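The values are calculated or read from the model by the stated rules, or taken from the named source; none is laboratory data. Because the structure is a prediction, the values reported are computed rather than measured. Methodologically, a virtual Cβ is constructed for each residue, glycine included, from the backbone with ideal geometry; neighbour enumeration extends over all protein chains shown. These accessible areas exclude ligands, DNA and RNA; they are computed on the full protein's heavy atoms, side chains included. Shrake-Rupley method; radii C 1.70, N 1.55, O 1.52, S 1.80 Å.
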Amino acid sequence: MVSGIRLSSGGGQLLEAAKLADTVREARIATVVANGAYCASACFVVFAAGTEKYASYQAKVGVHGASDTTGKAAGDATVAMAKIVKDMGVPPSIIGRMVVTAPDQMVWLSPDELGSMGVKLTGKPSQLAGIATTQSQGGTPMQLQPVASPNSPVEDANSRWKAFIDKASAISARQNNGTPNFTRGCDPKTKTCVTALSFKDEKNAAMIAKIAEDMNGRKIAREICSFNNFGDVRFCVDFDTHATHRDMKDGKGDWYKVSDD
């Protein structure tokens, strides 16, 4: 009987990774990324499926968006991959980074981020503990982001949301002549207001990050949504609860929830 598997891979085909991940989950196998190994892209799907997950402080675990056979970004496949790992308990903050990272780049997860998805870290922490890196596939550093280590889960969630919004804002600004595309609307009937940040992935698929507040400015919900090609159906992930749902837009432009996924 296999109790655990060691992973070391730069990725591969998403469909095959999903099949292997199903086997890992059904057999309740532990996944391990050992000292000096790395597990990225589709390998992350298999790693996330482990009934227990272990990673060395000297290992590297990375995520990014999916690509098609030509290497170009594939928005539909990225959404499918996000839903797969969401069902495995991967936090929305990591899913968000996966969705907005181009296939030719890589986000290497920090120890704090790995811990947020239940990974047990082994070995000794390196001097880079608490730092999340975004790199090109060739290994050239593109960005270094300090990862906050606040005292409470609420503060941690807020810091991760802010980090995600900061990155999405930069993407939106590049796509809108230097100005992030923020919109805001209020509904007097429900006494709520929604602020949304719109941006597009590498395949020009529309996405939004939105926060709903009551009339006193208290947060009700934070969500990340991706749209179909027609812009009339969207798949949303709640940043805090991990719950998912699908919405559909009617002929008047109003959105209605049609299913919980």
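Between residue 8 and residue 248, full extension at 0.36 nm per residue minus the direct alpha carbon distance yields a gain of 82.3 nm.
Once the piece of chain linking residue 260 and residue 170 is laid out straight, how much longer is it, given 0.36 nm per residue of separation minus the C-alpha distance between them?
Contour length minus the Cα-Cα distance gives 29.3 nm.
Loop-located GluC sites (Glu not before Pro) across the range 1-101 with a Cβ neighbour count of 11 or fewer within 10 Å are lacking, with loop assigned by DSSP. Here the chain is treated with +1 on each Lys and Arg Cβ and -1 on each Asp and Glu Cβ, and its dipole about the Cα centre works out to around 280 debye. Each peptide among 156-164, 188-196, 4-12, 75-83 gets the average number of other Cβ atoms lying within 10 Å of its residues, and from highest to lowest they stand as 75-83, 156-164, 4-12, 188-196. Rounded to 0.05, the FRET efficiency of the residue 196 and residue 25 pair, given R0 = 25 Å and the Cβ-Cβ distance, is 0.15. Helix content alone sets the calculated 222 nm mean residue ellipticity of the chain: runs of n ≥ 4 DSSP H residues at -39500 (n - 2.57) each, divided across all residues, give -8500 deg cm²/dmol.
Remark: the range 63-113 carries 32 Å² of accessible area per residue (probe radius 1.4 Å; ligands, DNA and RNA excluded). Which of the following values of volume of the Cα convex hull per residue in Å³ was calculated from the structure shown: (1) 123; (2) 248; (3) 142? Computing volume of the Cα convex hull per residue in Å³ and matching it to (1) 123; (2) 248; (3) 142 gives (3). Max-minus-min Cα coordinates of the range 1-95 on each principal axis give 36, 28, 25 Å, with the largest extent listed first.
Set the bar at 27 Å for Cα to Cα. Now go through 167/219; 53/124; 86/252; 72/252; 53/200; 162/191 and name every pair that lies beyond it. Over 27 Å apart, Cα to Cα: 86/252; 72/252; 53/200.
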